[in-house]
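Following this message is one structure expressed as structure tokens.
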Amino acid sequence: MLSHAYIGLGSNLDDPLTHVERALGELDRLPLTRVAGASSCYASRPVGPQDQPDFINAVAHLETRLSPLSLLDQLQALEQRHARVRQRHWGPRTLDLDLLLYDNQCLHHPRLRLPHPELANRAFVVVPLHELAPSLELPGLGALATLPGWQDAGDLRALLP
Ligand code: ROI
């Protein structure tokens, strides 16, 4: 069955815009998967420790025939191919790929929670997701336009294409 998934992309090391743009191409080449749409790239102030570079963030809409956990495996392998370094919790990283939503599924699995547990609070997810899918309803969370993450939307700046 064809499913719709939304992926959050983030990077703040080693030319972050290039990491995010390359990752969008690589997502399109995952097995049984294509990129149906992508938001603009946004520059965002770091959430968490402030003594790190600003992030580049974007959201991609995937159409996929992979299950949620197979897709998660593929995303983690793709992160590794970007030589992901993660020195500390909530510290800088070359590429972060978060599975945000998968159809209307709510999932509590040791490896994966759906919707992503921080989605609602993070402007760097809510703003690009809204650009892609303004009328989205999130399972258990309600309308995208009403989430608390909008409070910090001023910390984001859309980059011109
Ligand atoms: N902050 C921003 N702005 N963007 C991110 O992608 C991001 N990712 C993270 C933490 C460290 C929480 N902060 C972030 O994992």
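At 7 Å along the Cα-to-beta-carbon direction for both His89 and His4, put a label point, then send me their distance in nm to one decimal.
Each label point lies 7 Å from its Cα, and together they span 3.5 nm.
Further question: Mind checking the dipole of the range 55-151: about its Cα centre, +1 per Lys or Arg Cβ, -1 per Asp or Glu Cβ, Debye to the nearest 20?
440 debye
Using alpha-carbon positions, what is the distance between the centroids of the range 1-28 and the range 47-62, in Å?
Here the two parts' Cα centres lie 12 Å apart.
Through the Karplus equation 6.51 cos²θ - 1.76 cosθ + 1.60, θ set to phi - 60°, convert the phi angles of the range 134-148 into ³J(HN,Hα) values in whole Hz; use x for Gly and Pro.
Going residue by residue, I get x, 9, 4, 10, 9, x, x, 10, x, 6, 3, 5, 10, 6, x Hz, with x marking Gly and Pro.
With each label point set 7 Å from Cα along the Cα-Cβ vector, what nm distance links Arg81 and Ser40?
With each label point 7 Å from Cα toward Cβ, the separation is 2.9 nm.
If you wrap a convex hull around the alpha carbons of the range 3-158, what volume per residue comes out, as a whole number of Å³?
In the range 3-158, the Cα hull volume divided by residue count equals 104 Å³.
Any read-out appearing in this document is the output of simple, stated calculations on the displayed coordinates, not a laboratory observation. Predicted model, so just to flag it, every value in this text is computed and none were measured. Because the Cβ atoms are built from the backbone with ideal geometry, glycine has one as well, and the counts that use them run over all protein chains shown.
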